[in-house]
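The values are calculated or read from the model by the stated rules, or taken from the named source; none is laboratory data. The shown structure was predicted, so the numbers you read here are calculated from the model rather than taken from an experiment. Every residue, glycine among them, receives a Cβ derived from its backbone with ideal geometry; neighbour counts consider all protein chains shown. The protein model used for the area step is the full one, side chains on, heavy atoms only, and it has no ligands, DNA or RNA in it. Shrake-Rupley method; radii C 1.70, N 1.55, O 1.52, S 1.80 Å.
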Amino acid sequence: MSKPKLTLLGAPGAGKGTQSSNLVEEYDIDHITTGDALRNNKDMETEYGTPREYMEAGELVPDPVVDEIVEAALADADGFVLDGYPRNLSQAEHLESITDLDAVVYFEVSEDELLTRLTGRRVCDNCGTNYHVEYNPPEEEGICDECGSDLIQRDDDTEETAKERLRVFEENTMPVVEYFEDTDSFVTVDGEQAPDEVWADLCDAVEAQF
Ligand code: ADP
Ligand code: ADP
Ligand code: ZN
């Protein structure tokens, strides 16, 4: 049987990374995250400059750079969950030209909650596991439960850059939500709930679509 092909839409901090981990475990699919791919290649020279310049400012990295990352990852994937792509209409059109999605899931979360989640987010420098200082703290402050490495705050999770990223989401990615809204594959999940409640709704949504 073929595996699900999914994309998660939602503002920065909506819980895409957190829920992607659950999907990967449940369905044994690839996690394709443009954010992590770009963070691992921040100083890659492209004709548009390096990803770092855009990421540190909270702006979108130019489409050709991200489109290429996604295209290469999709070519190797059986089922997948896309996390952080597409982020504008041009990326959405590109994605539709290279694959058929089973579900487009939109996590709805209020702006106040997003800012609290982003500024409190901590990430393991080694294995990438996500934490939150208040909502999901590690057993020992600043140390990853999974691998014992140090937790760091992302450069772009400061209040100022987080606000800019939320603005960029409204301007560029909300049109993508509206674009998919009228299609059969579209589902909205209340992302403001506790993580296990979001996961229960997400599971139901994927099962219904797949
Ligand atoms: P978050 O999950 O908090 O929204 P990501 O890790 O997905 O953050 O993205 C971090 C940064 O990487 C973005 O602010 C942007 O600069 C860049 N980026 C990630 N995905 C894309 C994309 N699809 N298009 C353009 N830029 C992207
Ligand atoms: P995204 O990938 O969409 O940017 P993350 O999954 O990284 O979002 O989550 C952002 C922050 O919020 C992390 O610190 C994470 O631990 C926390 N978080 C994720 N889901 C929830 C939730 N349902 N309730 C409270 N905090 C959450
Ligand atoms: Zn770790």
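List of remarks:
- Of the residues making up region 117-134, those that are of a type outside the set (A, V, I, L, M, F, W, C) and without any contact (Cβ under 8 Å) to a residue 60 or more places away in the chain are Thr119, Gly120, Arg122, Asp125, Asn126, Thr129, Tyr131, His132, Glu134.
- Selection status of Val123, more than 11 Å from ligand 1 (Cβ to nearest atom) and either of a type outside the set (S, T, N, Q) or surrounded by fewer than 19 Cβ atoms within 10 Å (Cβ to Cβ) (or both): no
- Residue match in region 152-165 (condition: away from ligand 1 (no atom under 13 Å from the Cβ) and open to solvent by less than 40 Å² (accessible area, probe 1.4 Å)): no
- For region 89-120, the tally of residues that are out of contact with any Lys or Arg (no Cβ under 6 Å at 6 or more places or on another chain), open to solvent by 20 Å² or more (accessible area, probe 1.4 Å) and aliphatic (A, V, I, L, M) stands at 4.
- For region 126-135, filtered to residues that are open to solvent by 60 Å² or more (accessible area, probe 1.4 Å) and touching a strand residue (DSSP E or B) at 6+ places or on another chain (Cβ under 9 Å), the residue that is farthest from ligand 3 (Cβ to nearest atom) is Val133.
- Matching option when the condition is out of contact with any Ser or Thr (no Cβ under 9 Å at 6 or more places or on another chain) and either within 14 Å of ligand 1 (Cβ to nearest atom) or open to solvent by less than 50 Å² (accessible area, probe 1.4 Å) (or both), among Phe169, Phe180: Phe169
- Whenever a residue of region 145-157 is among the small types (Gly, Ala, Ser), its partners that are open to solvent by 70 Å² or more (accessible area, probe 1.4 Å) and within 16 Å of ligand 1 (Cβ to nearest atom), lying with C-beta atoms within less than 8 angstrom and at least six residues away or across chains, give the pairs Ser149/Asp125.
- Within region 1-32, the set of residues being in contact with a helix residue (DSSP H, G or I) (Cβ under 7 Å, 6 or more places away or on another chain) and of a type in the set (Val, Ile, Thr) comprises Thr18, Ile29, Ile32.
- For Asp100, the conditions (1) under 21 Å from Asp196 (Cβ atoms); (2) over 18 Å from the mean Cα position of the chain (by Cα) all hold with the exception of (1).
- Residues in region 74-87 that are open to solvent by 40 Å² or more (accessible area, probe 1.4 Å) and outside any loop (DSSP other than H, G, I, E, B): Ala75, Asp76.
- Filtered by the rule that a residue be open to solvent by less than 70 Å² (accessible area, probe 1.4 Å) and out of contact with any strand residue (DSSP E or B) (no Cβ under 8 Å at 6 or more places or on another chain), region 183-197 gives Gln193, Ala194.
- When residues of region 14-26 are limited to those that are farther than 12 Å from Asp83 by Cα and in contact (Cβ under 8 Å) with a residue 60 or more places away in the chain, the one farthest from ligand 1 (Cβ to nearest atom): Glu26
- Just one of (1) touching a residue at least 12 places away in the same chain (Cβ under 8 Å); (2) assigned to a helix (DSSP H, G or I); (3) open to solvent by 50 Å² or more (accessible area, probe 1.4 Å) fails for Leu38. It is (3).
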